[in-house]
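The block underneath contains the structure these notes are about, expressed in structure tokens.
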Amino acid sequence: MLVCYEARPTGFEMTRLLDEPGVACQVIAPGLVPREATDRVKTDRRDARKLARALRADSLTPIRIPARLEEAFRDLIRTRTRPEVLLFSPRTPTVLGKRRTTPEC
């Protein structure tokens, strides 16, 4: 079984959880999903169908999944270089709630 989803700011934990039981999961950058010029309406249902068709046609380019430690370092660097993002961003709960477990070394 092969599944995919668009990259999100919450990290790659879903991919790691799916990989454990053997489900192949690809993360796709939203900008790499083929779109028609006339397609301006964006809904979850349309996006899911578009991803399914593109996955079946093998026209998606997956992104590399970083290791947990690498992802933790990226998050640390982002928060140190731009602390105002945590203070004023509407995504603050997402960023702060992203890690529920400590990275394995």
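Within region 44-69, the set of residues being charged (D, E, K, R) and outside any loop (DSSP other than H, G, I, E, B) comprises 44, 45, 46, 47, 49, 50, 53, 56, 68.
Here region 51-71 is the region considered, the condition is being small (Gly, Ala, Ser) and surrounded by 12 or more Cβ atoms within 10 Å (Cβ to Cβ), and the residue that is farthest from residue 33 (Cα to Cα) is 67. Only residues that are exposed (fewer than 11 other Cβ atoms within 10 Å of the Cβ) and in contact with a Ser or Thr (Cβ under 9 Å, 6 or more places away or on another chain) were counted across region 2-50, and they come to 1. The residue pairs whose first member lies in region 50-65 and is free of Cβ contacts under 8 Å to residues at least 40 places away in the same chain and not assigned by TED's automatic domain parsing to the domain that holds residue 36, whose second member is assigned to a helix (DSSP H, G or I) and surrounded by fewer than 16 Cβ atoms within 10 Å (Cβ to Cβ), and whose beta carbons are closer than 7 Å, counting only pairs six or more residues apart or on different chains, are 61/32.
The values are calculated or read from the model by the stated rules, or taken from the named source; none is laboratory data. Keep in mind that what you see is a predicted model, and the values were worked out from it rather than measured. Quick reminder, even Gly has a Cβ in these numbers, built from the backbone with ideal geometry, and neighbours come from all protein chains shown.
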